[in-house]
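Take a look at the structure below.
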Amino acid sequence: MDDLEKAILFSFDESGAVDSVLKSQAVNYCQQFKENPSICTVCIEKLCYCKLVQVQFWCLQTLHEVIRVKYAVMSSDEKGLVRQSVFSMACYDSIDEKSAVRVLDSPAFIKNKLAQVLVTLIYFEYPMIWSSVFVDFMPHLSKGSVVIDMFSRVLNALDDELISLDYPRTAEETAVAARVKDAIRQQCVEQIVRAWYDIVSMYRNSDFEVCTSVLESMRRYISWIDINLIANDAFIPLFFELILSDGLSEQLRGAAVGCVLAVVSKRMEPQSKLSLLKSLQISQVFGLVKEDGESELVSKIAELFTGYAVEALECVKRLNSENSNVVSMELLNEVLPSVFYVMQNCEVDSTFTMVQFLSGYVATMKSLSPLREEQLLHVGQILEVIRTQIRYDPTYRHNLDVLDKIGIEEEDRMVEFRKDLLVLLRSVGRVAPEVAQVFIRNSLASAVVSSPDRNVEEVEAALSLLYALGESMSDEAMRTGAGLLSELVPMLLQTRLPCHSNRLVALVYLETVTRYMKFIQENTRYIPMVLTAFLDERGIHHQNIHVSRRASYLFMRVVRLLKANLVPFIEKILQSLQDTVARFTSMNYTSKELSVSEDGSHIFEAIGLLIGMEDVPVEKQSDYLSSLLTPLCQQVQALLLNAKTLNPEESPAKITNVQQIIVAINSLSKGFSERLVTASRPAIGLMFKQTLDVLLQILVVFPKIEALRSKVTSFIHRMVDTLGASVFPYLPKALEQLLAESEPKELAGFLVLLNQLICKFNTSVHDIVDEVFPAIAGRIFNIIPRDTLPSGPGTNTEEMRELLELQRTLYTFLHVIATHDLSSVFLSPKSRGYLEQIMQLLVNTSCHHKDYVMRKACVQIFIRLIKDWCDRPFGEEKVPGFQNFMIEVFAKNCCLYSVLDKSFEFGDANTLILFGEIVSAQKVMYEKFGNDFLVSFVYKGFPSAHCPQDLAEQYCQKLQGNDFKALKSFYQSLIEKLRLQQNGSLVFR
């Protein structure tokens, strides 16, 4: 063993026996050895004499790399040596008399690598240099299975490496593939096909593996060789003999099925395809699918049936003559029962293909009215297929019920898997609504009485079908109970499912009831049944918390839809929900229960919607609301009184409880309109004010608990909408407490609250905003950098994201102030000290920020401030120095230099919107500042950008005119011209 062989063995070692340093040295040695000028000769010699598979693999891999990368610089002698040697190895010949090793005696992965090397030579040399490679191979096939197997590997490698369209190809590879295929077609395809036939005929009973490999190769090539070479009286009977022979291996029979499928799928004119399909007599293999449904052979036959059906359906669509259409439909009808059977009874890999086919088949029915009896039968079978496919596996029943990791994965998988099937169901529902409804009614009826080991999955599937069917129905059809719907919905409500305790069944039941609520709206006699379903152990009182919480949300939606119709039932509903309400806000509430996405607070929203209607008598309404708010507020007050005595163990649970109470009150208030609580029934408004007063004390007692502050802030938002202007007396205290301890994230939330107040009340909140603005400005300018926030690697931290959010909210806040006639806030004595910082921040952002929406907002702020603060040319300057700042700083930097920068892309939509605002700003500045603006911007600024005098004069004319579009268009063309003539002399500030 020489040094190279040792190095190869060391480099391939995976046992850990070779020291890592030594292994690294071996790898480097092998890599350097590849640079040896005679590397090809060395590799061929090793392949002749060395039996070590690691060495053989390395040598073949190296030959492959050399040919692929260095073919153009290899000498003719070197190419000839490699060509002759590799071909001799592939044909089981000795390279010379002393050769002791045959590569074809090595393991499969070595033979595959040899095939790859030979294919790389074919890539460069066939047919121009080495035109006889395939013809020369033929005589060697008589040596037996070793060479036949190698020939199949070469053909497979040629397909994988070059021909197959399953892999992305470069333009060069596509051209080479075309060249190789054309040469094979012209020169030797008939010889290859004849060899395939002879080999399979000869070895079918003696060497299954060789026959299988030949058929697998043939399948790959059928798509691009002359179909008549295969679809003839020799091959087709041979394929079916193999498929139908029980004594042969499943792999061999499956390979024959693959060849028939390739013939079926061959692209051709529809009339030719119809003749081909008819000649195959596919019915002779229909019986095979009744065998083991999980076998590989049955799976392949299922694919054949689907492929055949797809092609027959294409003929139905594309052939116009009545006779051809009839024949196509006969072929389709002949194969459909087998397609339906395999979809229901067999393990099939191609479910997606089958669903696509069935969708196409249903689509053809849309043009047929009415459907014939046979087509109606097929619709029923399609529905049966859908029901079978969407059914959960009982193996996962417990996992899905407790929703552990396995259950979550299975549910996610099924949700994705069902999508196309349920789309197909909706299509069927539109084409044959009566058939679909009868099927679903019968499915539900039979599922309820099915055996306990299956009824959970049967019932869930039937309910899922009924739910999905609703998506195919129009609102009108649902309201009127079209078809069997008037029977289905009452059946759904009346049926007591034996498996209702199961999570999946309970959830889909409630979702389905909610889906058909438009029918209930028109048929109010069923409302008591709906309420019972939601309020008993099937819904809100279900033993599974996931179901109970989802039921609360769905019940809220039901209440929102039925609303006024529920007034007679309010007493019953509230009585039924007493324990649920108490449990939600109880001191024993666990954090584990809070971890689910739906927290159950929707039940309070539902109650609010019920008791917040003006249809409810005022005395009753007050009693209902008081009975809910009073105990909740008392719980909060008790906790606040005892806050100092709380021990560390109690504190988290108590605080969690307070959070729940705030969420509950917040949700409850959503049902009360501003008009009701402030105008028609102010006593209700008083209750909410008293509640607000209690909850604001939380900010005083627990000033540093962010979760509580966040919940109270959310409630203030709600009260602004509910109480309207009557909330004003409570705001100073609330805003003061919220601002006192706020971090960047909370500060952003605080600004959002102020934005809501300003947008709702405009100048009415002037004094409130005026009071808090100095504190806000001081806090923010201590947090946010004066120029721009850092970006790039290492800056995507939670802290940086919070600062970015605060910055975005700040610009929105300043924009809201400016556009709601509150700009005088910036000029008040307490705020004036921050004016310069605000101006610098706005101008810097308008010029340089990467978010063009923010830049636009800043420009709009400046436009509004100019209009508010500059009454000239006739009035006094309201803000000394502001005009000069706008002309000298904003106009030049934002309106000129920032748009000259090539990063300002006119092709981007947001950029164009920003540009329009910048041009508007220029127009407003000219209107307010007159010649002062022209002198500075045009006669001083333009020359710094090397603007020709004539273009500057044209700009002045456009600016002084009344056509804004013409001004904007001209200014854009001016900027583009200035960019073209720039020589780098302009420095952007």
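The values are calculated or read from the model by the stated rules, or taken from the named source; none is laboratory data. Given the structure is predicted, the values throughout are model-derived calculations rather than measurements. All Cβ positions, glycine included, derive from the backbone under ideal geometry; neighbour counts span all protein chains shown. For accessibility, only protein heavy atoms count, side chains too; no ligands or nucleic acids. Shrake-Rupley method; radii C 1.70, N 1.55, O 1.52, S 1.80 Å.
With unit charges on the beta carbon (Lys/Arg positive, Asp/Glu negative), name the residue among C847, A664, L507 whose Cα is farthest towards the positive pole of the charge dipole of the chain.
About the Cα centre, the residue reaching furthest to the positive side is C847.
Output the 0 to 90 degree angle, nearest 10, between the alpha-carbon long axis of helix 602-611 and the longest principal axis computed from the alpha carbons of the chain.
Approximately 50 degrees, to the nearest 10.
Normalised by the residues of the stretch 525-659, what does the relative contact order come to in percent, with Cα pairs under 8 Å and at least six apart?
28
Just want to confirm a number: the relative contact order over the chain, from Cα pairs under 8 angstrom separated by 6+ residues, in percent.
Answer for the chain is 4 percent.
Check the stretch 665-821 and count each lysine pair with an alpha-carbon distance under 16 angstrom, considering only pairs eight or more places apart or from different chains.
Lysine pair count for the stretch 665-821: 5.
Only loop residues by DSSP count here, and only those with at most 12 other Cβ atoms within 10 Å; note down the trypsin sites (Lys or Arg not before Pro) in the stretch 347-439 that meet that.
Taking the stretch 347-439 and a limit of 12 other Cβ atoms within 10 Å, the loop trypsin sites (Lys or Arg not before Pro) found are K366, R372.
Rounded to whole Å, give me the distance from the Cα center of the stretch 198-256 to that of the stretch 509-540.
After rounding, the separation between the Cα centres reads 60 Å.
May I ask for the net charge around C188, where only other residues with Cβ less than 14 Å from the Cβ of C188 are counted and Lys, Arg are +1 while Asp, Glu are -1?
Around C188, the surrounding residues sum to -1.
Find the accessible area per residue for the chain; the probe is 1.4 Å, ligands and nucleic acids are left out, and the unit is Å².
44
At 0.36 nm per residue, and after removing the present C-alpha to C-alpha distance, how many nm does the segment from K51 to E743 gain when stretched out fully?
241.9 nm
Between the helical axis of 108-125 and the dominant principal axis of the chain, each derived from Cα atoms, what acute angle in degrees is found, rounded to the nearest 10?
Long axis of 108-125 versus the principal axis of the chain: about 90 degrees.
Put +1 on the Cβ of each Lys and Arg and -1 on the Cβ of each Asp and Glu in the stretch 172-324; which of S201, V189, A302 then has its Cα farthest toward the positive end of the dipole?
The residue sitting most towards the positive pole is V189.
Compute the distance from the alpha-carbon center of the stretch 723-740 to that of the stretch 686-710, in whole Å.
About 11 Å separates the Cα centre of the stretch 723-740 from the one of the stretch 686-710.
Over 23 Å, how big is the tail of the calculated P(r) for the stretch 513-637, in percent of all Cα pairs?
Result for the distance tail: 32 percent.
Tell me which aspartates and glutamates have Cα within less than 16 Å of K654's Cα, excluding those fewer than 8 residues away on the same chain?
Those aspartates and glutamates meeting the cut-off are E593, E706.
Where a Cα-Cα gap under 17 Å defines reach, which lysines qualify for K405, not counting those fewer than 8 residues away within the same chain?
K405 reaches K592.
When Kirkwood radius over Cα pairs in Å is calculated directly from the model, which label among (i) 37.0; (ii) 32.2; (iii) 33.5 fits?
(i)
Tell me, what is the Rg over Rh of the stretch 711-855, with Rh the Kirkwood radius over Cα pairs?
0.96
Tally Lys/Arg at +1 and Asp/Glu at -1 over every other residue whose Cβ is under 15 Å from the Cβ of S651; what's the total?
Once positives and negatives cancel, what remains is 0.
For the chain, take the longest principal axis of its alpha carbons; what is the angle in degrees between that and the long axis of helix 744-761, to the nearest 10 within 0 to 90?
Helix 744-761 and the main axis of the chain meet at about 60 degrees.
Name the residue from N910, G941, V899 whose Cα lies farthest towards the positive end of the charge dipole of the stretch 896-947, charges +1 on Cβ of Lys and Arg and -1 on Cβ of Asp and Glu.
G941
Return the calculated 222 nm mean residue ellipticity for the chain, to the nearest 500 deg cm²/dmol, obtained by summing -39500 (n - 2.57) across DSSP H runs with n ≥ 4 and dividing by the residue count.
-21500 deg cm²/dmol
Assign unit charges at the C-beta atoms only (+1 for Lys and Arg, -1 for Asp and Glu), then state the dipole size of the stretch 600-734 relative to its Cα centre in Debye, rounded to the nearest 20.
Charge dipole, the stretch 600-734, about its Cα centre: 360 debye, nearest 20.
Over the stretch 210-287, what relative contact order in percent results from Cα pairs under 8 Å that are six or more residues apart?
Averaging sequence separation for qualifying contacts and normalising by length gives 39 percent for the stretch 210-287.
Mind listing the phi-derived Karplus ³J(HN,Hα) values for the stretch 929-940, rounded to whole Hz, using 6.51, -1.76 and 1.60 with θ = phi - 60°, and x for any glycine or proline?
Going residue by residue, I get 9, x, 5, 4, 5, 4, 4, 6, 6, 8, 8, 10 Hz, with x marking Gly and Pro.
List, in order, the whole-Hz ³J(HN,Hα) value for each residue of the stretch 725-740 obtained from phi through the Karplus relation with A = 6.51, B = -1.76, C = 1.60 and θ = phi - 60°; use x for Gly and Pro.
5, 5, 7, 3, x, 8, 6, x, 4, 5, 5, 4, 5, 5, 7, 4
Would you mind computing, in nm to one decimal, how far apart the modelled labels at D93 and E250 are, each placed 7 Å from Cα along Cα→Cβ?
Reported label-point gap for D93 and E250 is 4.2 nm.
Where in the chain is the longest stretch that carries no chymotrypsin sites (Phe, Trp or Tyr not before Pro) classed as loop by DSSP and with at most 15 other Cβ atoms within 10 Å?
Counting at most 15 other Cβ atoms within 10 Å as exposed, the longest clean stretch of the chain is 1-873.
Counting Lys and Arg as +1 and Asp and Glu as -1, each charge on the Cβ, what is the dipole of the stretch 796-916 about the Cα centre in debye, to the nearest 20?
For this selection, approximately 200 debye.
Kindly write out, for the stretch 254-265 in residue order, the coupling ³J(HN,Hα) from the Karplus curve 6.51 cos²θ - 1.76 cosθ + 1.60 (θ = phi - 60°), rounded to whole Hz, with x marking Gly and Pro.
x, 5, 5, 4, x, 5, 5, 4, 5, 5, 4, 7
Under a point-charge model restricted to the Cβ atoms of Lys and Arg (+1) and Asp and Glu (-1), what is the dipole moment magnitude of the stretch 284-392 relative to its Cα centre, in debye to the nearest 20?
440
Kindly flag which residue pairs out of K6/K51; K34/K79; K317/K366; K300/K419; K902/K940; K928/K977 have an alpha-carbon separation exceeding 20 Å in this structure.
Correct reply: K300/K419; K902/K940; K928/K977.
How large a share of the accessible area of the chain, in percent, is made up of carbon and sulfur atoms when the probe is 1.4 Å and the other protein chains stay in place?
The C+S portion of the solvent-accessible surface of the chain is 51 percent.
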